[in-house]
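Notes for the one structure printed next.
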Amino acid sequence: MKYDASFFQSFPDRMGTNSVKWDACRQEHGADALPMWVADMDVTADDAVTQALVKRAQHPAYGYTVVSDADKAALIGYWERRHGVTFGPEDIMLLPCVVTGLKACVRVFTRPGDGVIIQSPVYGPFRMSVELNRRTVMDAPLIRDGNGRYTMDLDAVEACCKAGAKLMLLCNPHNPVGRAWTEAELRALLDVLNRYHVPLVSDEIHADFVFAPRRHVSVLALQRERVVMLCAPSKTFNVAGLQNASAVSGDAALLKALGEETEASGVVSGNIFGLEAARAAYTEGDAWLDALMEHLDNNRRVLAEQVAGRLPRAILTPLEATYLAWLDLRAYGFDQDELMRRTEAAGVIFTGGTFFGEQGSGFLRVNLGCPTAHVVEAAARLEKALQG
Ligand SMILES: Cc1ncc(COP(=O)(O)O)c(C=O)c1O
């Protein structure tokens, strides 16, 4: 099938599919609520993915399944082709999802009570992965400039290392602040961590959503020892319901320890349909993804226009990567609860900023993985929510 950006201006009705984004949202917030929250896109999947699933389902035997060489070769080929990162089959360990990987890494590389560095505001499960495992969050919050652009605070990272941190969790690219970390930034971070022998887990689930002229820089391209990279087709190809992800590391000892941890805790990977979808996406999905990126780039521009026109006091963080925009509404003077109440009453549901840490109070995260008309409608509803 041929794809262009217009393909993404419509998608099948998702109500009645047990969709978290749609069914659960409308159950909680009302039948007209427009869901602009969870990182799940309203898109029609690549036909190559659907065909692979249908073909597999036509063989009615669904027993235990091996993760084949072809599964790993598809992942390897994809990262080489799209990101210029090279690794081998021995560097890969499958996982059911990326958050499983974050939690397993916390358990493997630290002991209860140990400090783990995160950079708030950051995707909520980073903090939860630390706290649920009874480790201690050591926050090195990002620095925000007047235009809403964020950079790393390496002095704060170093202070955490000095205070005994045992691990760092990096979001690369960063959800929710939309940064595509540069090679210079990542090298500077690794310099600090290496001085204190602190390992780095880099969640690169948003790697494919970096807007040109920027490009994704994987930590794996910079260092093989003491780093684990987590990736998945789930965001890129919108197949999160199929549960397939990978940990990749050139550090055999780290990977072995991670394997022992998942084995001990009973985490099993290799769902037949997850594997089929990943293999099809990684080998045949480039055209669909390129067209999607064009569409998201346009949505990014439309949101900026809408914010400038309708929300003059808002600050929209420049979006370098991800399909998740970060909107500072603090100038409107509402606390987080009031912001959520007002947006719900206006019929639009965003992810509240405090999901990413207390620094997110007064912010909303806007999901742009939808038809452009939804971006415009959401902005109109948000404008209404902030009035009066
Ligand atoms: C940075 C980041 N990591 C992980 C996830 C979740 O990935 P998974 O469903 O594979 O656990 C998300 C989802 O939004 C995310 O934004």
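Hull volume per residue, based on the alpha-carbon atoms of segment 203-323 and their convex hull, is 149 Å³. Considering only the Cα atoms of segment 134-220, their convex hull presents on average a projected area of 6.2 nm².
Against the compact-protein benchmark of 2.2 N^0.38 Å, the Cα-based radius of gyration of segment 93-153 scales to 1.27. At full extension, Val20 and Ala159 could sit 46.1 nm farther apart than now, given 0.36 nm per residue minus the alpha carbon distance.
Radius of gyration over Kirkwood radius for segment 3-84, both on Cα atoms: the Rg/Rh ratio is 1.07. Sorted from greatest to least, the principal axis extents spanned by the alpha carbons of the chain come out as 59, 57, 38 Å. For segment 53-283, the extents of the C-alpha atoms along the principal axes are 56, 42, 27 Å, listed from largest to smallest. Computed with a 1.4 Å probe over protein heavy atoms only, the accessible surface of the chain comes to 42 Å² per residue.
Where only DSSP H runs of four or more residues are counted, the chain gives -12000 deg cm²/dmol as its mean residue ellipticity at 222 nm, each run worth -39500 (n - 2.57). For segment 174-190, putting each phi into the Karplus relation 6.51 cos²θ - 1.76 cosθ + 1.60 with θ = phi - 60° gives couplings of 9, 9, x, 8, x, 7, 9, 4, 7, 4, 4, 5, 5, 5, 5, 5, 4 Hz, in residue order, rounded to whole numbers and with x for Gly and Pro. For Leu142, nonlocal amide neighbours, meaning residues 5 or more places apart or on other chains whose placed amide H falls under 5 Å from its own, are Ser120. When the Gaussian network model of the chain links Cα atoms closer than 10 Å, the mean-square fluctuations of Asn367, Asn194, Asn244 top out at Asn194.
In summary, the convex hull built on the alpha carbon positions of segment 1-139 has an orientation-averaged projected area of 13.1 nm². With a Förster radius of 41 Å applied to the beta-carbon distance between Thr136 and Asp297, the computed FRET efficiency rounds to 0.55.
Take the Cβ atoms of Ala380 and Arg330, set R0 to 22 Å, and the FRET efficiency comes out at 0.55.
In this label model, Ala287 and Glu344 are separated by 4.5 nm, measuring between points 7 Å along each Cα→Cβ vector. Over all pairs of different C-alpha atoms in segment 321-373, the reciprocal of the mean inverse distance, the Kirkwood hydrodynamic radius, equals 11.5 Å.
Applying the Karplus relation 6.51 cos²θ - 1.76 cosθ + 1.60 with θ = phi - 60° to segment 294-306 yields 3J(HN,Hα) values of 4, 5, 5, 4, 5, 4, 4, 5, 5, 4, 4, 5, 4 Hz, where x marks Gly and Pro.
Projected onto their three principal axes, the Cα atoms of segment 72-193 cover extents of 40, 38, 25 Å, largest first.
Rounded to the nearest whole angstrom, the semi-axes of the ellipsoid equivalent to segment 259-388, taken from the Cα gyration tensor as √(5λ), stand at 34, 21, 12, largest first. Here segment 271-346 has 48 percent of its accessible surface on carbon and sulfur atoms, given a 1.4 Å probe and all protein chains in place.
Couplings for segment 284-293, taken from phi via the Karplus curve 6.51 cos²θ - 1.76 cosθ + 1.60 with θ = phi - 60°, read 10, x, 4, 5, 4, 5, 4, 5, 4, 4 Hz in order; Gly and Pro are left as x. Residues whose amide H lies under 5 Å from that of Ile117, counting only those 5 or more places away or on a different chain, are Met138, Lys166, Leu167, Met168, Leu169; hydrogens are built 1.01 Å from N in the peptide plane.
The values are calculated or read from the model by the stated rules, or taken from the named source; none is laboratory data. From a predicted model like this one, the values you see are computed outputs, not experimental measurements. Virtual Cβ from ideal backbone geometry, glycine too; neighbours counted across all protein chains shown. Surface accessibility is based on the protein's heavy atoms, side chains included, excluding ligands, DNA and RNA. Shrake-Rupley method; radii C 1.70, N 1.55, O 1.52, S 1.80 Å.
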